[in-house]
Amino acid sequence: MTEALNVQTSPSLPAFKTVGLTKVYETEAGDVHALRGVDVELFQHEIVVMLGPSGSGKSTFLNILGGLDRPTSGHVFFKNDELTGFDDRSLTNFRRNHVGFVFQFYNLIPSLTARENVELVTEISADPLDPADALALVGMEHRLDHFPAELSGGEQQRVAVARAVAKRPDVLLCDEPTGALDSKTGVSVLEAIEQVNQELSTTTVLITHNAGIASMADRTISFADGQIHSIVANPHKTRARELIW
C-alpha cells in the first residue's frame, strides 16, 4: 500500500480494523480477486470517503465491514469484537444493532409513507429514534405522510438515510448515495449524512466515484485493483452545502 505523506494519525479509537483482508470470487472464467490484503483502521465518529474505479474493491470492502459478506481470508474487528469469528446469527445481530446502510437506490416501500418506511426499522430496534425525529434530522419533517411517488429522488434518498439512522447505529455505510442524483439534489443528501454524523456521532463511510465529495471527509481512502492505494487526511473539511461538482 502506498500511503500519502500528509496522513495524520487520529486520536480516536478504531471503530473498524482490518488485517490482511482478501476476497476471491470463483467464476467460470477463473478467480476474481476483489480484495488483495487490505490493512486499515477506521476511527469512531469520522467521515471517510472511499474513491476508486468500478471493480477496485470498494463495495466488496464495505459489504464485509457491514456483515453482508465474508472475506476469503484475513480479519475484521469492530471495536473489541472480531466479526470474522461471528456465525450467521451473530452477524445478523451486528447488522441490526450497529449498522445503517444507504445504497444508490432508495428501496422504499411504495405503499408506505415516509414515516411508515422509517417505522419498519424502529419497530425492531432496541433504542430507536422516533420516526418523526429521524425524518426531521434529515430535513424531511414536512413530508412525514407522503408516499415515495410523491417525493423527489433527493427526498426519497433522505428518507432512506432517516430509515438507516433511526436505530441510532454506530456505523453508517453509504454506497454511492448520490449516484442517481444531480449535483444540487446530491448535495442535499450529503448535508443529511453530514448532519447525522454530527448529531449521532456515527462512523460514516461513503463510497463514491465523485472525487469532489472527498473534501467533506476527515479522510479519503483510494482503492485500486483490490488494494488501498492511498489514505489522505483532510485538515480543512468543506461543508456539504459548499460542495460543487
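The values are calculated or read from the model by the stated rules, or taken from the named source; none is laboratory data. Since this is a predicted model, take the numbers as computed values, not measurements. Glycine also receives a Cβ, built like all others from the backbone with ideal geometry; neighbour counts cover every protein chain displayed. Just the protein is used for accessible areas: all its heavy atoms, side chains included, with ligands, DNA and RNA removed. Shrake-Rupley method; radii C 1.70, N 1.55, O 1.52, S 1.80 Å.
Things worth noting here:
- Checked against (1) assigned to a strand (DSSP E or B); (2) modelled with pLDDT of 95 or more, Glu26 meets all criteria but (2).
- Flag not set for Val48, criterion: within 22 Å of Ser201 (Cα to Cα), more than 15 Å from the chain's Cα centre (by Cα) and either open to solvent by 20 Å² or more (accessible area, probe 1.4 Å) or at pLDDT 95 or above (or both).
- If the condition is being touching a residue at least 24 places away in the same chain (Cβ under 8 Å), assigned to a helix (DSSP H, G or I) and either open to solvent by less than 20 Å² (accessible area, probe 1.4 Å) or over 25 Å from Leu190 (Cα atoms) (or both), then the range 93-121 contributes Phe94, Ala114, Asn117, Val118.
- Contact map, the range 64-79: residues that are closer than 10 Å to Phe94 by Cβ paired with residues that are open to solvent by less than 10 Å² (accessible area, probe 1.4 Å) and assigned to a loop (DSSP other than H, G, I, E, B), Cβ distance under 9 Å, separation 6+ or inter-chain. Pairs shown: Phe78/Gly67.
- Condition check for Thr203 on (1) in contact with a strand residue (DSSP E or B) (Cβ under 7 Å, 6 or more places away or on another chain); (2) more than 22 Å from Leu135 (Cα to Cα): one failure, at (2).
- Close contacts from the range 167-195, counting a first residue that is touching a residue at least 24 places away in the same chain (Cβ under 8 Å) and a second that is of a type in the set (D, E, K, R) and open to solvent by 50 Å² or more (accessible area, probe 1.4 Å), with Cβ to Cβ under 7 Å and a gap of 6+ residues or different chains, come to Arg168/Asp127; Val187/Arg241; Glu191/Arg241.
- Within the range 140-160, the set of residues being in contact (Cβ under 8 Å) with a residue 12 or more places away in the chain, of a type in the set (Asp, Glu) and not in a loop (DSSP other than H, G, I, E, B) comprises Glu155 only.
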